[in-house]
Amino acid sequence: MAKLPVEPYVAQVRDLFQGIDLENKLVDQDKLDQAVELILEANKIDDPPVNVNDLAKRLNFDVYFLNLPQNILGVMFDTKEPFEYHSQRAIVLGSQYDNLRNIGTAAHEFGHYFMQCNADTDYYDTRHIEADTISEMNANRFRDTLLLPDGIVKKFLRKRQWRKWDKILEEARETFFVPRHLIRPRFERILKRSIVDDVVFDGSGLDG
Ligand SMILES: [Zn+2]
């Protein structure tokens, strides 16, 4: 059998990462921003939250919830022959984990899917709780960029100038629906500076 087909934009996103040794090199944030922009555009996503469940459906992933072994957060595969559960392309999430954690795991797996899968090689990823390889870090950076996209975050922040950061971060958690600990580092990366809870956001870092 052949692997399940992909929409043209998926191939376009994968082309961005062609030739990059993702096992040994941290991918540029610019590339991740470009990739996520293509994904949002193709799926007509303009507003938060980025719904990973919808995205999984559109990408032809079967999604399963199982009681996973204790050190495993999730599994993803994309194969020529049906691999498990009669699926060729699936994400398995832990039924013991909360919704936000599973959203983070699914977005991480999309990172492998968009950056490392191709049209004709079987691919499997098992996401371990303590995984700190470069390849895992790259998938995490993809996750953060997908769930908190540069353009959408900037739009959100433009409307919140002159508010204190603790309030903004709280609102961001409800708006973007992502694990809380991912928000601050991503916002700091976007603004290229650090942020402090009880300090008012003056809008600096929003241009460029
Ligand atoms: Zn992974």
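I'm checking my understanding of the structure. Among residues of the range 114-149 that are surrounded by 18 or more Cβ atoms within 10 Å (Cβ to Cβ), under 19 Å from residue 186 (Cβ atoms) and of a type in the set (A, V, I, L, M, F, W, C), which one is nearest to the ligand (Cβ to nearest atom)?
Going through the qualifying residues, I end up with 139.
Given the criteria touching a strand residue (DSSP E or B) at 6+ places or on another chain (Cβ under 6 Å) and loosely packed, with under 14 Cβ neighbours inside 10 Å, does residue 95 qualify?
So residue 95 passes the test.
Can you name the residue in the range 60-80 that is within 16 Å of the ligand (Cβ to nearest atom) and loosely packed, with under 15 Cβ neighbours inside 10 Å and is also nearest to the chain's Cα centre (by Cα) among such residues?
My answer is 71.
Restricting the first residue to the range 106-119 and requiring it to be without any contact (Cβ under 8 Å) to a residue 40 or more places away in the chain, which pairs with a second residue that is assigned to a helix (DSSP H, G or I) meet a Cβ separation below 7 Å and a spacing of at least six or different chains?
Correct list of pairs: 108/139; 108/140; 108/143; 111/138; 111/139; 111/142; 111/143; 112/139.
Of the numbered conditions (1) more than 23 Å from residue 20 (Cβ to Cβ); (2) of a type in the set (A, V, I, L, M, F, W, C); (3) touching a His at 6+ places or on another chain (Cβ under 9 Å), residue 152 fails exactly one; give the number of that condition.
(3)
Could you grab me the full set of residues in the range 81-92 that are surrounded by 21 or more Cβ atoms within 10 Å (Cβ to Cβ) and touching a residue at least 60 places away in the same chain (Cβ under 8 Å)?
89
Out of (1) surrounded by 11 or more Cβ atoms within 10 Å (Cβ to Cβ); (2) over 27 Å from residue 132 (Cα atoms), what's the single condition that is false for residue 27?
(2)
When you scan the range 81-113, how many residues do you find that are among the charged types (D, E, K, R), within 28 Å of residue 18 (Cα to Cα) and within 15 Å of the ligand (Cβ to nearest atom)?
So the count comes out to 1.
Only one of (1) among the hydrophobic types (A, V, I, L, M, F, W, C); (2) within 15 Å of the ligand (Cβ to nearest atom); (3) under 29 Å from residue 172 (Cα atoms) fails for residue 55. Which number is that?
(2)
Answer yes or no as to whether residue 201 is outside the structural domain of residue 75 (by TED's automatic domain parsing), surrounded by fewer than 18 Cβ atoms within 10 Å (Cβ to Cβ), in contact with a helix residue (DSSP H, G or I) (Cβ under 8 Å, 6 or more places away or on another chain) and of a type in the set (A, V, I, L, M, F, W, C).
no
Only residues that are more than 18 Å from residue 105 (Cβ to Cβ) and either charged (D, E, K, R) or surrounded by fewer than 20 Cβ atoms within 10 Å (Cβ to Cβ) (or both): list them for the range 34-57, please.
34, 37, 38, 40, 41, 42, 43, 44, 45, 46, 47, 48, listed by residue number.
Which condition breaks for residue 159 when tested against (1) touching a residue at least 24 places away in the same chain (Cβ under 8 Å); (2) surrounded by fewer than 23 Cβ atoms within 10 Å (Cβ to Cβ); (3) basic (Lys, Arg)?
All conditions pass for residue 159, except number (1).
The values are calculated or read from the model by the stated rules, or taken from the named source; none is laboratory data. Everything quoted here is computed from the prediction, not taken from an experiment. Cβ coordinates were reconstructed from backbone atoms using ideal geometry, including for glycine residues, and neighbour counts include every protein chain displayed.
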